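Trainee: Can you keep this structure in mind? I'll have questions shortly.
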Amino acid sequence: MDINVLKYKPVIERVLSRLKIPADQRDDMRQECYVALLEKKHHVQKGIDRDREDTYVSRICRSRITDLWKTGQHPQRTKEDPGPRLVSLSLPKIMHQVEKIPQFKAEVTDEELYAAILSLPLDEYRAVYNVYVDGKSQRETAGDFGISRRQVSNLIERGIKNLKKYFEVEDGD
């Protein structure tokens, strides 16, 4: 089976936009997505068969980019600033904090949660992590970041909204 990966450019662009990949780095990430689609063409065919082609393509692309984040090859993550730490939901303290997030669905696996967290821009991730996982107040987080409490609140709201959007797409299967 041969597929024309170029026809998926609009889907890939939506993924890159949702993941906030800077314009100067999109070409590299787009190429990574094209390669991932070629490597997983049987998954793309499965999406075509189930009339969910865009969903499958989106997941494959997002998965490739998050894999790059995990290995430190993502252009927005460096060795000095590797991004999110992997946190397991099996820890009672973490699960209790995560359950406080409105509309959190408990059947989310550690891997799904990690991928969702990796999809957040770094500033949103840090704000959400400090408040919901480390248990700091918004005021303490603001002091740590050198910004206002209102800015921290806005970052958290955007982060939670982005997590909800991430799982809305995921819920499609």
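Trainee: Quick one: in the stretch 115-163, of everything that is of a type in the set (Lys, Arg) and touching a helix residue (DSSP H, G or I) at 6+ places or on another chain (Cβ under 8 Å), which residue is nearest to Ser58 (Cα to Cα)? Steps first, please.
Mentor: Our first condition is that a residue be of a type in the set (Lys, Arg); within the stretch 115-163, this holds for 126, 136, 139, 149-150, 158, 161.
In the following step, the residues that additionally are touching a helix residue (DSSP H, G or I) at 6+ places or on another chain (Cβ under 8 Å) were identified as 126, 136, 139, 149, 158.
On the way: Arg126: 25, Lys136: 34, Arg139: 37, Arg149: 35, Arg158: 21 Å.
Among those that are of a type in the set (Lys, Arg) and touching a helix residue (DSSP H, G or I) at 6+ places or on another chain (Cβ under 8 Å), it is Arg158.
Trainee: Another question, then. Give the residue that is farthest from Val5 (Cα to Cα), with candidates limited to residues of the stretch 31-45 that are free of Cβ contacts under 8 Å to residues at least 24 places away in the same chain and surrounded by fewer than 17 Cβ atoms within 10 Å (Cβ to Cβ).
Mentor: His43
Trainee: Looking only at the stretch 1-15, filter to residues that are hydrophobic (A, V, I, L, M, F, W, C) and modelled with pLDDT under 85; which one of those is surrounded by the fewest Cβ atoms within 10 Å (Cβ to Cβ)?
Mentor: Among those that are hydrophobic (A, V, I, L, M, F, W, C) and modelled with pLDDT under 85, it is Met1.
Trainee: Taking into account only those residues within the stretch 16-29 that are surrounded by 15 or more Cβ atoms within 10 Å (Cβ to Cβ) and not charged (D, E, K, R), which is farthest from Gly159 (Cα to Cα)?
Mentor: Ranking the candidates gives Met29 first.
To keep it simple, each residue is scored yes or no on (1) out of contact with any Asp or Glu (no Cβ under 6 Å at 6 or more places or on another chain); (2) of a type outside the set (Ser, Thr, Tyr); (3) modelled with pLDDT of 85 or more; (4) closer than 28 Å to Arg50 by Cα.
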{"site": "Asp81", "(1), (2), (3), (4)": "yes, yes, no, no"}
{"site": "Leu89", "(1), (2), (3), (4)": "no, yes, no, no"}
{"site": "Ile94", "(1), (2), (3), (4)": "yes, yes, no, no"}
{"site": "Gly135", "(1), (2), (3), (4)": "yes, yes, no, no"}
{"site": "Gln138", "(1), (2), (3), (4)": "yes, yes, yes, no"}
{"site": "Ala142", "(1), (2), (3), (4)": "yes, yes, yes, no"}
{"site": "Glu157", "(1), (2), (3), (4)": "yes, yes, yes, no"}
{"site": "Tyr166", "(1), (2), (3), (4)": "yes, no, no, yes"}
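Trainee: Right, here's the next one. For the stretch 46-78, which residues satisfy the criterion of being modelled with pLDDT under 85, farther than 19 Å from Leu113 by Cβ and buried (at least 18 other Cβ atoms within 10 Å of the Cβ)?
Mentor: Gly47
Trainee: Of all residues in the stretch 107-155, count the ones that are more than 19 Å from Val15 (Cα to Cα) and of a type in the set (A, V, I, L, M).
Mentor: So the answer is 9.
Trainee: Applying the selection to the stretch 124-138, what residues are basic (Lys, Arg) and touching a residue at least 12 places away in the same chain (Cβ under 8 Å)?
Mentor: Here is the first cut: in the stretch 124-138, the ones basic (Lys, Arg) are 126, 136.
Listed by number, the list holds a single entry, Arg126.
The values are calculated or read from the model by the stated rules, or taken from the named source; none is laboratory data. Bear in mind the structure is a predicted one, so any value in this text is a computation, not a measurement. Cβ sites come from the backbone with ideal geometry, for glycine too, and all protein chains shown count toward neighbours.
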